[in-house]
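Student: Pasting in a structure now, in structure tokens, and then I'll have a few things to ask.
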Amino acid sequence: MSANGVLPSRVEQLKSRELLVEERMHLRQKEYVNIQSFHFFLATWNVNGQSPSATESLEPWLTACTPETPTFYVIGFQELDLDKRAYVIETSLREQEWQRTLEAALRKKAAYKLVRVIRLVGMMLLVYVLEKHAGHVKNVAAAHVGTGIMGWMGNKGGVGIRLEFHGSELCFVSAHFAAHTEEVERRNEDFRNICERMVFNQLQFPKRIKDHDIIMWLGDFNYRIFQLSRPEVQQLISEDRLADLVLYDQLQREMSQQKVFHGFREGRIRFRPTYKYDVGTDRWDSSEKSRVPSWCDRILWKAKDGEEVRQVVYGSAMELRLSDHKPVIGIFDVGVKVVDKSRQKKVYENVLKEIDREENLFIPQATIDCNDFDLGELTFVQQVTRTLTVANNGQVPVVFEFIAKPHSTSYCQEWLKITPQRSFLSQGDVCYVELQVYVDKRTVAGLTSGATTLDDILVLHLDGGKDFFITLHGQYRPSCFGIPLETLAAMPTAVRAPPPAITEQTLISFDNSPTTPSTTSLPVDPHRTPAHIPVEVWMMLRHLYAVSSDIPDLFLQPGPPDEVEKIRDHLDGRLPLPLPGSGHSVAEALLLYFDSLPDPLVPYRLYHECLDAGANWSACRFVLEKFPKAHRETFKAFIVLLRKLQRHWDQHPSSDVGTLEVIADLVLKLPVELSKALSGMGQVGKGVARQAISRKKTAFLQQFLINRLDDEPIIPAELTSPATVVTTFPVTFD
Amino acid sequence: MAAVARNTAGGPPSAGKIFQFKLVLLGEAAVGKSSLVLRFVKGHFHEYQESTIGAAFLTQTVCLDETTVKFEIWDTAGQERYHSLAPMYYRGAQAAIIVYDITNQESFNKAKAWVRELQRQANPNIVIALTGNKADLVNKRTVEYEEAQAYADEQGLLFLETSAKSGVNVNELFLAIAKKLPKTEPAGTRGQGQTVNVNAAAEESKGGCCGGGGGSASAAPGGAARN
């Protein structure tokens, strides 16, 4: 259903659904149709290029031979016009003459309506229906196929009309095959050709002859009586031994060998051969050619299983003498499927229900093992992982995907990582989706301030199916990371109480006085934290300052994994120095703290001013005065540390001028709008701009490293006495 | 291969035309949204229907005299904490069923809130049906039929009381919606560019408030279950 290019579009789905409904309705047609018998009158005549005779009535042919009133008249003519011009002229006068004469004859019987006429050169087929039944005739189409000269000219071939009467699909073909006794194979070929090439393509879905319930062929197929001499034939005819004569009929022979008209039936022939007579008489051909009498003109039919077609009459009209052929008549009772509307509606509803059921069954289905994850309590840089199990228990493959909610661009919160976000599941397959929660520098400030929480609802969408809602909730345990400098500096107590075990031991070792729950601070030593610098930052600065002599390459390499977490806990408890872990990890933690600040060490609002002041010491000093107190004092203390470190870096072989740049980048953080502007630039321009900015940032820091402020704090060089204020109560933020 | 011919020969004259509509069910938790859908689609009823945590999707077709309507039904979670996700489902919907429980006045208030939200946020031409479910629990009724009917009339909503348990008025509800939906475009073009996938961005039609109903108030046929 999503436009992923794999599944069909809705339009296609609807179309295919409509077709499916039609197909099912067709298959269940029996349930809602009644078979009702209708009279069909078929006739064929090769008129040998003659005009209708003024004196010779068509009645003996068309109306006299049946007392009933046929519902349909299907009349085929051959050799209407032997004039060569008929090949090219669209409308032939002869055609109109015959049609008028025909209609005059039919009018005497009843009111008929022309359903369709089609002509190809000398061949013409007309279908009439009793006017009162005309409303039940639908989807009429006609087609012609030439098989004559060059294999396609219209002197030979066939014309066809197909129609639907009530619920039955009928096809009539009038044909004229190749002449001459020896051309049996040509005639067979003509039949195959017409079957193959005749397409009723005026319909939305083109049909061929074979696509019909009932197919009727009529025409001058030109099959002859063979293996007998003319006298022998005449002898048999005169003795009325037509059944014996039929044994020598090429068509019956070819059909019995399944070479032509496969599956077709023909009524028993009880009429004399229809060809060839002397015009105007009932005498056999007296010309030089002296043709052997033959049943050239025939009517055959084929019905699908279950269809009811019964031939009532099969005969010829000897009375008509204007042609060298006699016309042939076939009258049929055809069982037509007449739709019962109310039954049809029931079946239709049933079919739709069935399709709905199937469709619903094939909607992708899956189960999940949990839709409510408790993440527990977690803090900065602490990873929590949960696993969601998605199982395909449906009937079809499933594509699942976590999708974005309204008014959000991402499918999950920034502190969450989902792997995989999208996946494919075969039937019966299971996928384990990892939900990794990790609060880092990007998200810590929001969680600390309470602007965001560790809550999320995920929408797991099955492509083409349902959605699951999965709730995640956890408590963020504040850490000093992410707390603004001012706030942290003003906090009288630790972010979090140290674990009880540690508290007791350490507190007693610091101070011999017994700890009391109401104690908020301990006696402060001479190395107390200077005003406006957060205790936690001071702890890190002191630690780094003290160990820098032993670890000259501080800030030049990262510490071992997991140590930052230990340092975090130590800081959050404001436990006594030294901090756990290596100096490198403490350096990392300090930078991480700066990086996690909602407003960086150099406040965003002063960013540009600092960059502009870089070349000028007094300007630098001037802008520093504008810093909020906590930022200013912390900055100054940090400079003191950096100055000491820089001396070491200068001597250190692995020293990298880039280190100061990295630090400058964290301290002078690019304001958001500027970073957006930068990312919009081209690669080259971006690189150049970044370099320029980086130079300015470093220059600003360098000013403070080279020059010295009068009121820089003094960081003790040793860690021997407790420098921190330790408290036993956690602080909560709002 | 089926042909267009069968449209006339095999099916009702215009039954070949299938119109497809997206329908969403909204309402407070436990009023019987999923039960209504299950009754309608599968003819089942479970006394202890599981709470929907997400949005279930099913399809069902309704035959009218002249046309056929196929519903793509999104049955949503009723719990308040999922409220903010509802636009994913009513966005692009042509019909909505807002369900309350006739034994729970609060659920009726919530239903009214949903009506207001749809009138503000949903497709301005959305057909809304207000449905008082659990009509079989008439002894515990707290929301009067007349009150709900009057509200529905005022807002131009279809209104029916249903019982997913007994099946009363369930088919009638969907049928009434199917009848009221406009069937102007051929099936082929309807739905083009519309979103079935709630994921896809659908334009939010704001400001198209249809409050006041435009005089199209109509009660569903068959009458409501009034006991």
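Since every read-out is calculated from the coordinates, none of them should be taken as a lab result. Bear in mind that the values here come from a model prediction, so they are computed numbers and not experimental data. Quick reminder, even Gly has a Cβ in these numbers, built from the backbone with ideal geometry, and neighbours come from all protein chains shown.
Student: Run lengths n ≥ 4 of DSSP H only: what is the helix-derived mean residue ellipticity at 222 nm for the protein assembly as shown, with -39500 (n - 2.57) per run over all residues, to the nearest 500?
Tutor: Result for the protein assembly as shown, helices only: -9500 deg cm²/dmol.
Student: How large are Rg and Dmax for segment A:132-254 when calculated on the C-alpha trace, in angstrom?
Tutor: 17.8, 55
Student: Just going by the charge dipole of segment A:425-485, with Lys and Arg at +1 and Asp and Glu at -1 on Cβ, which of A:461, A:474, A:433 is farthest out on the positive end?
Tutor: A:474
Student: Let me ask something else. Starting from the exponent 0.38 and prefactor 2.2 Å, build the expected Rg for segment A:319-374 from its residue count and divide its actual Cα Rg by it.
Tutor: 2.97
Student: Another question about this same structure. Set the bar at 30 Å for Cα to Cα. Now go through A:30/A:326; A:15/A:337; A:405/B:179; A:302/A:353; A:30/B:33 and name every pair that lies beyond it.
Tutor: Working: A:30/A:326 41 Å; A:15/A:337 26 Å; A:405/B:179 32 Å; A:302/A:353 35 Å; A:30/B:33 39 Å.
As for pairs spanning more than 30 Å Cα to Cα, those are A:30/A:326; A:405/B:179; A:302/A:353; A:30/B:33.
Student: Residues in segment A:17-52, backbone N under 15 Å from the label point at residue A:310 (7 Å along the Cα-to-beta-carbon vector): list them, ranges by number please.
Tutor: Taking a point 7 Å out along Cα→Cβ of residue A:310, the residues of segment A:17-52 whose backbone N falls under 15 Å are A:35-40.
Student: Can you list the lysines whose alpha carbon is less than 17 Å from that of residue A:109, not counting same-chain residues fewer than 8 positions off?
Tutor: Correct list for residue A:109: A:132.
Student: Provide the per-residue ³J(HN,Hα) series for segment B:22-39, in order, calculated from phi with Karplus coefficients 6.51, -1.76, 1.60 and θ = phi - 60°, each as a whole number of Hz, with x at glycine and proline positions.
Tutor: 8, 10, 10, 9, 10, x, 4, 4, 6, 8, x, 4, 5, 5, 4, 5, 5, 5
Student: Tell me, what is a quarter of the convex hull surface for the C-alpha atoms of segment A:33-339, in nm² with one decimal?
Tutor: Over all viewing directions, segment A:33-339 projects a mean Cα-hull area of 15.4 nm².
Student: Note the direction-averaged projected area, equal to a quarter of the hull surface, for the Cα convex hull of the protein assembly as shown, in nm².
Tutor: Over all viewing directions, the protein assembly as shown projects a mean Cα-hull area of 60.9 nm².
Student: Over all Cα pairs of segment A:249-353, how is the pair count split among 10 Å bins, expressed in % and running from 0 up to the last occupied bin?
Tutor: With a bin width of 10 Å, the distribution comes to 13, 30, 25, 15, 10, 6, 2, 0.
Student: Could you pull out every residue, at least 5 positions away or on a different chain, whose amide H is within less than 5 Å of the one on residue B:157? Hs are placed 1.01 Å off N in the peptide plane, and Pro or chain starts have none.
Tutor: Under 5 Å from the amide H of residue B:157 lie the amide H atoms of B:218, each far enough along the sequence or on another chain.
Student: Another one. Below 15 angstrom from the Cβ of residue A:611, what's the summed charge of the other residues (Lys, Arg +1; Asp, Glu -1)?
Tutor: Summing Lys/Arg as +1 and Asp/Glu as -1 gives +2.
Student: First measure r as the distance between the Cβ atoms of residue A:395 and residue A:134, then evaluate 1/(1 + (r/R0)^6) with R0 = 56 Å and state the FRET efficiency to the nearest 0.05.
Tutor: Step by step, r from the Cβ atoms, then E = 0.70.
Student: In peptide A:345-356, what is the residue-averaged number of other protein chain Cβ atoms found within 10 Å of each Cβ?
Tutor: On the way: counts 5, 1, 2, 6, 5, 0, 5, 8, 5, 0, 3, 9.
Whole-number average of other-chain Cβ neighbours for A:345-356 is 4.
Student: Right, here's the next one. I want to check the label-to-label distance for residue A:419 and residue A:202. Put each point 7 Å from Cα in the C-beta direction and report it in nm to one decimal.
Tutor: Here the answer is 6.7 nm between the modelled labels.
Student: Measuring from label point to label point, each 7 Å out along Cα→Cβ, what is the residue A:346 to residue A:451 span in nm?
Tutor: 6.9 nm
Student: Here's a follow-up. Place a point 7 Å from Cα of residue A:322 in the direction of its Cβ. Which residues in segment A:57-74 have their backbone N less than 17 Å from it?
Tutor: Output list for this probe position: A:57-64.
Student: Something else now. Which value, in debye to the nearest 20, describes the size of the charge dipole of the protein assembly as shown about its Cα centre when Lys and Arg Cβ atoms bear +1, Asp and Glu Cβ atoms bear -1, and nothing else is charged?
Tutor: About 2620 debye.
Student: For segment A:181-190, in order, what is each residue's ³J(HN,Hα) by Karplus, 6.51 cos²θ - 1.76 cosθ + 1.60 with θ = phi - 60°, in whole Hz (x at glycine and Pro)?
Tutor: Residue by residue, segment A:181-190 yields 3, 7, 8, 4, 5, 4, 5, 4, 5, 4 Hz.
Student: May I ask for the net charge around residue A:422, where only other residues with Cβ less than 15 Å from the Cβ of residue A:422 are counted and Lys, Arg are +1 while Asp, Glu are -1?
Tutor: -4
Student: Sticking with this one: Need one word for segment A:20-131: rounded, prolate or oblate. Basis is the Cα gyration tensor (sqrt eigenvalues a ≥ b ≥ c); a/c below 1.5 gives rounded, then a/b vs b/c decides.
Tutor: Cα axes put segment A:20-131 in the oblate bin.
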